[in-house]
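Below is one structure, written out as structure tokens; the observations come after it.
The values are calculated or read from the model by the stated rules, or taken from the named source; none is laboratory data. None of these values were measured; they are calculated from a predicted model. Because the Cβ atoms are built from the backbone with ideal geometry, glycine has one as well, and the counts that use them run over all protein chains shown.
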Amino acid sequence: MLLPAPYDTWFPDAAFDGTYRFDESALRRVAPVAAPPGLADAWRRWRAQARRVDAAPRTLSSEAIDGRTVSIVEHAGVDGIRLRSWVVGPASGPARVGIVHSHGYGGRDAIDLDRLPDDAAAIFPVARGLPTLNTAVGAPEPVEEHVLAGLDDPAAYVLGLCARDLWLAADALLTLTGDVPLYYVGESFGGGIGALALPWDDRYIGATFIVPSFGQYDERLAVPCLGSGEVVREHVAAHPEARERLRLFDASSTLGFTEVPVRVEAALWDQYVPPPGQFGIANAARDLELAVLPAGHAEYPGWDAVTADAVRGGRAHLARALRSASPPAGRR
């Protein structure tokens, strides 16, 4: 097939066009999906329920990595299951900020310190059901089963549970490190569930979402992809009533409820998370810093330099959010 430049030379064997025939101008005009009645009430109710759960973190092991203490910690999820995460201490001195740093749909098998300043503590939660720390805990592991688990019941839908678990991960981090402002970092899956969770948690001063998923289902369900969205698209095609159940879990609908500064790193080409979904999330933000990437979920000429620049931009966004934040008030 005929691909647009430069993707025709970057990805000559691509089965389909990862721009989905959107240029940057068109992507910047993708509207978020309007929040349905009851969305805010549902998420605020779930947030209130999560406040009543004791994260009860327990350190299982610790080691030193690159001058930081890195621990594996067990803590509660929103429904009382026990999940495991990595917790990382600051490189020196007391923590000035806490970072909740989520992952893509493949799970996580190691920490990534690139976006952590020296004075940050961080928790690297692993979503329920996903490798390596929480394989099959609280949800099935295979993506084709995981992304649909519990969809018939909004209170039990796995993406909602994963987002709500982030509140308990933050509780665990603050219990272990003390009362510091929070900043969120999430990529792909982690970007999408972060945009679901962030608006209802007033401890955050900002966030970076990298090629975020689960946004703008009107666009996502209209096109094929290579990621979890294809499983959902096929399911909704066979069960049209499921479209309504997804409305509470559209990251482009929820993000508009947050007032903190948000950085979105969104891609012009992405066969795994269609760019209209990514930009639909970005366009929902009230206080947006947008970084446009040439492609997502793929390497290409210059990828290393683009990634390094994005990391620098994310660190700078965190630093600005921290400078402008008021002192933490011990809120939960």
Give region 255-272 a look and list any residue that's farther than 11 Å from ALA195 by Cβ and either touching a residue at least 60 places away in the same chain (Cβ under 8 Å) or assigned to a helix (DSSP H, G or I) (or both), or say none.
VAL260, PRO261, ALA266, LEU268, TRP269, ASP270, GLN271, TYR272
Residues of region 237-254 satisfying the condition of being hydrophobic (A, V, I, L, M, F, W, C), under 23 Å from the mean Cα position of the chain (by Cα) and either farther than 18 Å from ILE193 by Cα or not in a helix (DSSP H, G or I) (or both)
ALA242
When GLY93 is evaluated against the numbered criteria (1) at pLDDT 95 or above; (2) of a type outside the set (Asp, Glu); (3) not in a helix (DSSP H, G or I), which criterion, by number, is the only one it fails?
(1)
Restricted to region 283-308, and to residues that are touching a helix residue (DSSP H, G or I) at 6+ places or on another chain (Cβ under 8 Å) and among the charged types (D, E, K, R), which residue is surrounded by the most Cβ atoms within 10 Å (Cβ to Cβ)?
GLU289
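Filter region 123-145 down to the residues that are outside any loop (DSSP other than H, G, I, E, B) and either more than 18 Å from the chain's Cα centre (by Cα) or closer than 18 Å to ARG84 by Cα (or both) and list them by number. Steps first, answer last, please.
Taking region 123-145 as the starting set, the residues that turn out to be outside any loop (DSSP other than H, G, I, E, B) are 123-125, 129, 132, 135, 143-145.
Listed by number, the residues that qualify are ILE123, PHE124, PRO125, GLY129, THR132, THR135, GLU144, GLU145.
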Flag if ALA55 is among the hydrophobic types (A, V, I, L, M, F, W, C), over 28 Å from VAL211 (Cβ atoms), over 18 Å from the mean Cα position of the chain (by Cα) and not in a strand (DSSP E or B)
yes
Only one of LEU226, LEU198 is assigned to a loop (DSSP other than H, G, I, E, B) and not polar (S, T, N, Q). Can you tell me which?
LEU226
Within region 180-203, how many residues turn out to be more than 8 Å from the chain's Cα centre (by Cα), aliphatic (A, V, I, L, M) and over 19 Å from ALA35 (Cβ atoms)?
2
Across region 102-116, which residue is surrounded by the most Cβ atoms within 10 Å (Cβ to Cβ) among those that are in contact with a Pro (Cβ under 9 Å, 6 or more places away or on another chain) and more than 13 Å from GLU187 (Cα to Cα)?
LEU116
Which pairs turn up if I take residues in region 35-57 that are on the phi > 0 side of the Ramachandran plot and look for partners that are buried (at least 19 other Cβ atoms within 10 Å of the Cβ) with beta carbon separation below 8 Å, at least 6 apart in sequence or on another chain?
GLY38/LEU248; ALA56/HIS75; ALA56/ALA76
Any residue at all in region 148-157 that is in a helix (DSSP H, G or I) and of a type in the set (Ser, Thr, Tyr)?
no
(1) closer than 17 Å to SER188 by Cα; (2) surrounded by 15 or more Cβ atoms within 10 Å (Cβ to Cβ); (3) without any contact (Cβ under 8 Å) to a residue 12 or more places away in the chain all hold for PRO140 apart from (1)
Which of the residues belonging to region 1-52 are of a type in the set (A, V, I, L, M, F, W, C), outside any loop (DSSP other than H, G, I, E, B) and surrounded by 12 or more Cβ atoms within 10 Å (Cβ to Cβ)?
TRP10, ALA26, LEU27, LEU39, ALA40, ALA42, TRP43, TRP46, ALA50
Would you pick out the residues in region 273-286 that are in contact with an Asp or Glu (Cβ under 9 Å, 6 or more places away or on another chain) and in a loop (DSSP other than H, G, I, E, B)?
PRO274, ARG286
